Amino acid sequence: MIVYPYKRIPEKISQSVPANWGIGRSDSGWMTAEVFYEYISKVFYPYLIAEGITFPVILFVDGHKSHLTYQLSVLCSNLAIEIIALYPNATRILQPADVAVFRPIKVAWRKAVRNWQSDHPGESLTKLSFAPLLDEVVKSSAKPDILVNGFKACGLYPLNADAIDYSKCLGSSKKNETFDNKI
């Protein structure tokens, strides 16, 4: 789902978003509890139904407050979606998208923007051209094997606590040395 900072999303922008994607709005353009609820009810659940996914399903979410509301828990319970909140702000360790997916997407995004700029000299990338360009990037870089490897690296599937890189939980070695020297 792309979240735009609008009171009302312009029709041209709505039409620029790929048909199988969700589109949301918030004052800030950031995910909110209301937008996430809308995503689950209008995008995620219909996608699961259309794909013939067997229920119940597990949905791992960041433990951020925008993902955890009473209304959402009731909705998900009614839809046979089990929400598992991961430790908040530990995305670099526990979230498959951060661990495996976002880096290739960021690299592909930079390349796509450079190509777009060379094809459109003197123009700025606008909200209208954002979604189609992002769609190309996702299709070219978010491959199934990368997603699977992200879940493995986080120890989420198959479940494996030893797969997690716990060294990322520690502070820098300089901090640890200072602590060790004081003991």
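At a Förster radius of 25 Å, what calculated FRET efficiency corresponds to the Cβ-Cβ distance of S124 and S41, to the nearest 0.05?
Taking R0 as 25 Å, the efficiency between S124 and S41 is 0.15.
Can you compute the helix-only [θ] at 222 nm over the chain? Use -39500 (n - 2.57) per DSSP H run of at least 4 residues, normalise by all residues, nearest 500 deg cm²/dmol.
-13500 deg cm²/dmol
How far apart, in nm, are two points set 7 Å out from the Cα along the Cα-to-Cβ line at R114 and at L133?
1.4 nm
Of all DSSP beta bridges in the chain, what percent run antiparallel (nearest 5)?
Of all bridge pairs located within the chain, approximately 10 percent are antiparallel.
In terms of modelled amide H atoms, which long-range or inter-chain residues lie less than 5 Å from the amide H of A85?
V61
Taking DSSP loops as anything outside H, G, I, E and B, show the longest stretch in the chain free of trypsin sites (Lys or Arg not before Pro) there with at most 13 other beta carbons within 10 Å.
It runs 9-183.
Taking only C-alpha pairs under 8 Å that are 6+ residues apart, what is the relative contact order of the chain in percent?
18 percent.
Which aspartates and glutamates does K7 reach when only Cα atoms under 20 Å apart count, and residues fewer than 8 places away in its own chain are ignored?
Here the aspartates and glutamates satisfying the reach criterion relative to K7 are D27, E34, E38.
Once you have a ≥ b ≥ c as the square roots of the Cα gyration tensor eigenvalues for the range 1-89, tell me rounded if a/c is under 1.5, and otherwise prolate or oblate according to whether a/b is larger than b/c.
oblate
Please get the size of the charge dipole for the chain, origin at its Cα centre, with Cβ charges of +1 on Lys and Arg and -1 on Asp and Glu, quoted in debye to the nearest 20.
Using Cβ point charges on Lys, Arg, Asp and Glu, the chain gives about 480 debye.
Taking amide H atoms as placed 1.01 Å from N in the peptide plane, list the residues 5 or more away in sequence, or in a different chain, whose amide H sits under 5 Å from that of Y4.
G24, R25, S26
How would you classify the range 1-43 from its alpha-carbon gyration tensor, with a ≥ b ≥ c the square roots of the eigenvalues: rounded for a/c under 1.5, else prolate if a/b is greater than b/c, otherwise oblate?
It is oblate, given that a/c is not under 1.5 and a/b is not larger than b/c.
Tell me, what is the FRET efficiency for N20 and N160 to the nearest 0.05, using R0 = 30 angstrom and their Cβ-Cβ distance as r?
In this case the efficiency is close to 0.40.
Hey, what D do you get for the chain in µm²/s if you plug the Kirkwood alpha-carbon radius into Stokes-Einstein at 4 °C and 1.567 mPa s?
68 µm²/s
Less than 15 Å Cβ to Cβ from R103, Lys/Arg counted +1 and Asp/Glu -1: what total charge do the surrounding residues give?
For residues surrounding R103, the net value is +3.
For a quick check of your reading of the filter: which chymotrypsin sites (Phe, Trp or Tyr not before Pro) in the range 23-82 sit in a DSSP loop and have no more than 10 other Cβ atoms within 10 Å?
Those that pass, being in a loop and sparsely packed, are W30.
Within the chain, which is the longest segment that contains none of the GluC sites (Glu not before Pro) sitting in a DSSP loop with at most 13 other Cβ atoms within 10 Å?
Counting only loop sites that pass the neighbour cut-off, the longest clear stretch is 52-122.
Please order L159, L59 by the number of other Cβ within 10 Å, starting at the fewest.
Fewest-to-most ranking of L159, L59: L159, L59.
Go through the range 93-98 residue by residue and turn each phi into a ³J(HN,Hα) via Karplus (6.51, -1.76, 1.60, θ = phi - 60°); whole Hz please, and just put x for glycine and proline.
With coefficients 6.51, -1.76 and 1.60, one gets 10, 10, 10, x, 5, 5 Hz.
No value in this document is a laboratory result; all are computed from the given coordinates. Nothing here was measured: the structure is a model prediction, and the numbers come from that model. Here the Cβ is made from the backbone with ideal geometry for all residues, glycine too, and neighbour counts use every protein chain on show.
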